[in-house]
Amino acid sequence: MKLLAGTSKGLVIYDRLAGGWKLQGIQFEGFPVSMLYIDDRTDTWWIGLSHRHWGQKLHYSKDQGKNWEIVPTPTYTGYEYRPEKKVSLKKVWVMAHAGYDKPGALWLGTEPGGLFYSANNGKTFELIESLWNHPSRLDDLQWFGAGKDYPFIHSIVVDPNDSDHVYIGVSCAGVFETKDAGLTWVPKNKGLVAAYLPNPKAEVGHDPHLILMSQKDNRVLWQQNHCGIFRTSDGGENWQMVSGKKGFPHYGFGLAIGDDINTAWVIPAESDEKRIPKDLKLVVCKTTDGGNSWLNQDSGLPSPPVFDIVLRHSFVKKQEVLAFGTNNGNIYVSENSGTNWKSITNHLTGVNCLILN
């Protein structure tokens, strides 16, 4: 097993060996990594880079990072964010393949809120105009940046039973669903709370931080949200808040889910203003009953005070292994579903994204 860490200064790769996790190599030294993705259909590695001088770049490797090739990044040429307001690609946030029945097809989520599709393994990308021109996006009051100038698409969830069925998460707008491979989109935010809006139950304007679908039941989705942890068991028709008692855990970014429909893990943080761990304690919270109760898992994690937080794409699970990386360059791994944790490094720069492969 490998652990890939996309940091603000490069891609750091670890191998899981008999003696523990060992550094295997570093790629793209000095450059910020904004996105990591491994296409499990072909074992192709994808990486998004945020060059300070040259903008966003997309690279892929077919030999697990030994050699890399570059593809043209998507462009907003010919499109406006609002009438008479020009826009350009700000950041590549997330990639997902479009289904096992669609070889070579990829989805790409970006900032400023555009979803792109490639039918040729990323050689070219086309903007999904049905979403870009969605009436809710064209309304200044409904799609907006979450601490940024523009909204961004950070989650793409493809139904494993129907590749035409896709959910996306937009900060700030909410969850949108298509059942026809992107021809039409409908918001799926009933039950969510947007406490920062005049109408907290507005149809659009929510801030999901990350959305995941159960691979056991495609009707079950989880989201870590600006205003709580939410779960749906009916495909997004109705969301229920499953934050813990007295609001803990409640706010955060990272989310991992189990192989059954009722297990999930989150790493609590303290408010959007502070961006610190809850009570300055780094802890992982686990539920096995759909969010009705939460158990702290902190064995092996450092004692307070701790100022590390975990970003939305920096908490991952594969089989019994859980791993998370922090904004202060620390990576922790559990080999037993979170019961015990061990640090494998404390000297990286900020971790933007992780992948277990």
Within the range 138-154, restricting to residues that are part of a strand (DSSP E or B) and not aromatic (Phe, Trp, Tyr), the one that is surrounded by the most Cβ atoms within 10 Å (Cβ to Cβ) is Ile153
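Tell me the residue from Val157, Val193 that is more than 17 Å from Leu141 (Cα to Cα) and either in the same structural domain as Gly228 (by TED's automatic domain parsing) or part of a loop (DSSP other than H, G, I, E, B) (or both), please.
Details: Val193 fails: more than 17 Å from Leu141 (Cα to Cα).
Unique residue meeting the criteria: Val157.
Look at the range 181-214 and say how many of its residues are of a type in the set (A, V, I, L, M), farther than 24 Å from Phe116 by Cα and surrounded by fewer than 20 Cβ atoms within 10 Å (Cβ to Cβ).
Result for the range 181-214: 4.
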Of the residues in the range 270-291 that are modelled with pLDDT of 95 or more and either touching a His at 6+ places or on another chain (Cβ under 9 Å) or assigned to a loop (DSSP other than H, G, I, E, B) (or both), the one that is farthest from Asn352 (Cα to Cα) is Asp289
When Glu69 is run through (1) loosely packed, with under 14 Cβ neighbours inside 10 Å; (2) closer than 24 Å to Pro151 by Cα, the failure sits at (2)
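Can you confirm whether Gly169 is in the same structural domain as Leu221 (by TED's automatic domain parsing) and in contact with a Phe, Trp or Tyr (Cβ under 7 Å, 6 or more places away or on another chain)?
On the way: in the same structural domain as Leu221 (by TED's automatic domain parsing): yes; in contact with a Phe, Trp or Tyr (Cβ under 7 Å, 6 or more places away or on another chain): no.
In short, no.
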Only unsatisfied item for Lys102, checking (1) of a type outside the set (S, T, N, Q); (2) touching a residue at least 60 places away in the same chain (Cβ under 8 Å); (3) touching a strand residue (DSSP E or B) at 6+ places or on another chain (Cβ under 6 Å), is (3)
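Residues are listed down the side, and each one gets a yes or a no for (1) over 25 Å from His134 (Cα atoms); (2) in contact (Cβ under 8 Å) with a residue 60 or more places away in the chain; (3) not small (Gly, Ala, Ser):
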| site | (1), (2), (3) |
| --- | --- |
| Trp21 | yes, yes, yes |
| Phe31 | yes, no, yes |
| Tyr37 | yes, yes, yes |
| Trp46 | yes, yes, yes |
| Leu58 | yes, yes, yes |
| Tyr81 | no, yes, yes |
| Glu84 | no, no, yes |
| Trp93 | no, yes, yes |
| Ala96 | no, yes, no |
Taking the range 303-325 and the residues there that are touching a residue at least 40 places away in the same chain (Cβ under 8 Å) and part of a loop (DSSP other than H, G, I, E, B), the one that is surrounded by the most Cβ atoms within 10 Å (Cβ to Cβ) would be Val310
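Can you tell me which residue is modelled with the lowest pLDDT among those in the range 68-91 that are in contact with a Lys or Arg (Cβ under 7 Å, 6 or more places away or on another chain) and not aliphatic (A, V, I, L, M)? Step through it out loud before you land on a result.
At the first step, the residues of the range 68-91 found to be in contact with a Lys or Arg (Cβ under 7 Å, 6 or more places away or on another chain) are 70-71, 73, 80.
Imposing the further condition that a residue be not aliphatic (A, V, I, L, M) reduces the set to 73, 80.
Working: Thr73: 96, Glu80: 89.
Selected residue: Glu80.
The values are calculated or read from the model by the stated rules, or taken from the named source; none is laboratory data. None of these values were measured; they are calculated from a predicted model. Don't worry about glycine lacking a Cβ; one is built from the backbone with ideal geometry, like all the others, and counts go over all protein chains shown.
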